[in-house]
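Okay, so here's the structure we're looking at.
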Amino acid sequence: MKQSLHDYLVFCDMDNTLLTAKEGIPSCNRTVIKLFTQLGGRFTVATGRPPESIRAALGDIELSLPAISCNGSLLYDFSTNTVLRRATLDRNQATLAITDILRQFPHLGVEVMAHAGELYVVHASEYTHAHQVDEKIPGVCCPLESVPDGWVKVVFAGPPEMIRKLSQYAKTKYYGRENYFLATNSIYFEIMPGGVGKASGLRDLCTLLGEPLQKTIVIGDYYNDLEIMKAAGHSVAVANAPGEVKANADEVTTCTCSEGAVGEYLYRLINTVTG
């Protein structure tokens, strides 16, 4: 039986894949995503961003599937504005890690995302400020003990060399087994709930939707996308991705993120299926 675009569930990373922090979403991406969904294709995002930041960045792009948010800690349905699944950190172990790390790296910025992705800045810096501005994330500045329960992730933000040193330091420490560390960008290093990531979010969402993983397509750009790319039925790396990410993808775009890599791939898929 001939396939249709409705047979494909596309999960797209956001930062440096769908958009850049400074330039936003290229116009060709917007145009082709709308065409893809109008023709029956299903499109959503798999990102470290919380729901409100996703909403602000997408603007008039309507997702046709729930989103994988906060790197898999939240599955969020924008059509009903509801959290479908939430995974949370062990607060005591995360607090121990934050306290120790800030002793070693006192200039790091620290954010906690809780409940439905609300942002709490517990140690402000120019990097946490830039994060909020670039990703349009409203936040509350408060002491660590004042952050409500239901932590979905912790973000450490700082210059690349400091994040590199933090990554090395974290490998030497043990704060308990319920959480783990994840590098998500050259300037961000995160604490995530154990066993939770974009790949687990993909599997859980497919189970909720009653869809097989074989129908999924994942588009990504960074090392934290490797696991979900491997779990998907088909994986695509954008041209600006590191060599290791491109080597593990089924396909690599010609365009970079800022040139419209997502639009390039989706337009090729449209032509392949409907042509």
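The values are calculated or read from the model by the stated rules, or taken from the named source; none is laboratory data. This structure is a prediction, so every number in the text was calculated from the model and none was measured. Positions of Cβ are generated from backbone atoms using ideal geometry, with glycine treated the same way; all protein chains shown enter the neighbour counts. The area values use the complete protein model at the heavy-atom level, side chains included, leaving out ligands, DNA and RNA. Shrake-Rupley method; radii C 1.70, N 1.55, O 1.52, S 1.80 Å.
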Computed over the chain: relative contact order in percent, which uses C-alpha pairs under 8 Å that are six or more apart: 21
Where GluC sites (Glu not before Pro) in DSSP loops with at most 14 other Cβ within 10 Å are excluded, longest remaining stretch of the chain: 63-275
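Report the trypsin sites (Lys or Arg not before Pro) located in region 3-92 that are in a DSSP loop and have at most 14 other Cβ atoms inside 10 Å of their Cβ, or state none.
Those satisfying the criteria are K22.
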3J(HN,Hα) from dihedral phi, region 165-175, Karplus parametrisation 6.51/-1.76/1.60, rounded to Hz, x for glycine, proline: 5, 4, 4, 5, 5, 4, 5, 8, 10, 10, 10
Exposure of V140 as accessible area (Å², to 10), given a probe of 1.4 Å and all protein chains: 70
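Does region 185-275 classify as rounded, prolate or oblate by the C-alpha gyration tensor (a ≥ b ≥ c root eigenvalues; a/c under 1.5 gives rounded; else a/b over b/c gives prolate, otherwise oblate)?
oblate
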Two-site label geometry, K165 and H107: point separation in nm, points 7 Å out along Cα→Cβ: 0.8
Distant-in-sequence amide H partners of S64 (H built 1.01 Å from N, under 5 Å): F43
Hypothetical label at N248: residues of region 16-59 whose amide nitrogen lies under 17 Å (7 Å Cα-Cβ projection): 17, 46-48
Formal net charge of residues neighbouring R42 (Cβ-Cβ distance under 12 Å; K, R +1; D, E -1): -2
Gyration tensor (alpha-carbon) shape descriptor, region 56-134, a/c threshold 1.5: oblate
Cα centroid of region 131-164 to Cα centroid of region 218-263, whole Å: 26
More than 27 angstrom apart: percent of Cα pairs within the chain: 36
Rounded accessible area of K171 (nearest 10 Å², 1.4 Å probe): 150
Calculated diffusion of region 1-128, Stokes-Einstein form, Kirkwood radius summed over Cα pairs, 25 °C and 0.890 mPa s, µm²/s: 148
Cα-based shape type of region 11-50, given that a ≥ b ≥ c are square roots of the gyration tensor eigenvalues and the cut on a/c is 1.5: oblate
Extension reserve of the S27-T99 stretch, reckoned as 0.36 nm per residue once the Cα distance is removed: 21.6 nm
